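Reviewing the structure listed below.
The values are calculated or read from the model by the stated rules, or taken from the named source; none is laboratory data. Quick caveat: nothing in here was measured; it's all calculated off a predicted structure. Note that each Cβ is placed from the backbone with ideal geometry, even for glycine, and that neighbours are counted across all protein chains shown. Just the protein is used for accessible areas: all its heavy atoms, side chains included, with ligands, DNA and RNA removed. Shrake-Rupley method; radii C 1.70, N 1.55, O 1.52, S 1.80 Å.
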Amino acid sequence: MLARLQTLWTQVAEGVAALSFAVMFFAFIVQVISRYVFNAPVAWTLELCAIAYVWVVFWSCGILVPERQQIVFDVIYNWFKPGPRRWLAIFNTACLGLAFLAALPGVIDYLLFLGRRTTMLLHVRMDLVYSCFAIFLIAVVVGAAIRIRRLLGAEWQKSL
């Protein structure tokens with residue numbers, strides 16, 4: 001049941017990312033055609049491209065890209081032996097998760113403030129445009145908790 005739920009969640013997440021990318025690509029093509037074929041650029045396509053780009057970046061990075069595929073600076077991390085490296089990973093992950101968790105109330109407050117504003121051309125509420133950032137923060141916090149549980153679980157299993 002859990003595997004089926006994970007598969008469904010992955011399909012939905014990939015669908016949202018693909019839809020965002022398709023919207024961005026469609027707006028880009030409309031802009032190119034209107035500008036270079038008809039010599040009459042349309043401004044709304046630029047705004048739609050920017051909104052879709054924000055969603056593609058934060059949604060994909062927070063939900064779809066696994067931790068092993070993230071860009072990391074592991075020069076110091078690799079100096080440690082596997083045991084201390086696990087504790088360093090737990091510490092780093094906890095710091096990251098706590099920092100993002102601490103930022104979440106401020107981000108949500110700012111998103112609520114942005115709800116009073118809209119984009120200039122399409123009149124999309126700004127809180128909807130940037131709500132993907134709150135989703136990104138939540139995904140990072142949940143991912144950090146899952147990673148810490150996995151790292152501690154491996155340590156606890158060794159002690160049994």
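A few notes on this one:
- Residues of the range 9-43 satisfying the condition of being among the polar types (S, T, N, Q) and surrounded by fewer than 16 Cβ atoms within 10 Å (Cβ to Cβ): T10, Q11, S34, N39
Yes/no matrix, rows are residues, columns are (1) under 29 Å from F136 (Cα atoms); (2) outside any helix (DSSP H, G or I); (3) free of Cβ contacts under 8 Å to residues at least 24 places away in the same chain; (4) over 16 Å from the mean Cα position of the chain (by Cα):
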residue	(1), (2), (3), (4)
W9	yes, no, yes, no
V12	yes, no, yes, no
S34	no, no, yes, yes
T45	yes, no, yes, yes
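- Criterion (more than 22 Å from R150 (Cα to Cα), of a type in the set (A, V, I, L, M, F, W, C) and either part of a helix (DSSP H, G or I) or touching a Phe, Trp or Tyr at 6+ places or on another chain (Cβ under 6 Å) (or both)) met by exactly one of F91, F26: F26
- Verdict on Q6 being more than 18 Å from R147 (Cα to Cα) and open to solvent by 100 Å² or more (accessible area, probe 1.4 Å): no
- Among the residues here, L46 does not qualify as in contact with a helix residue (DSSP H, G or I) (Cβ under 6 Å, 6 or more places away or on another chain), over 19 Å from L151 (Cα atoms) and surrounded by 10 or more Cβ atoms within 10 Å (Cβ to Cβ).
- Within the range 96-111, not a single residue is over 18 Å from I138 (Cα atoms), open to solvent by 60 Å² or more (accessible area, probe 1.4 Å), without any contact (Cβ under 8 Å) to a residue 12 or more places away in the chain and of a type in the set (D, E, K, R).
- Residue check, A144 open to solvent by less than 50 Å² (accessible area, probe 1.4 Å), over 30 Å from L48 (Cβ atoms), touching a Gly at 6+ places or on another chain (Cβ under 8 Å) and in contact (Cβ under 8 Å) with a residue 24 or more places away in the chain: yes
- Pick from the range 112-134, criterion in contact (Cβ under 8 Å) with a residue 60 or more places away in the chain and not aliphatic (A, V, I, L, M), ranking: most open to solvent (accessible area, probe 1.4 Å): Y130
- Subset of the range 54-86 (residues that are out of contact with any Phe, Trp or Tyr (no Cβ under 9 Å at 6 or more places or on another chain), open to solvent by 80 Å² or more (accessible area, probe 1.4 Å) and at pLDDT 80 or above): W79, K81
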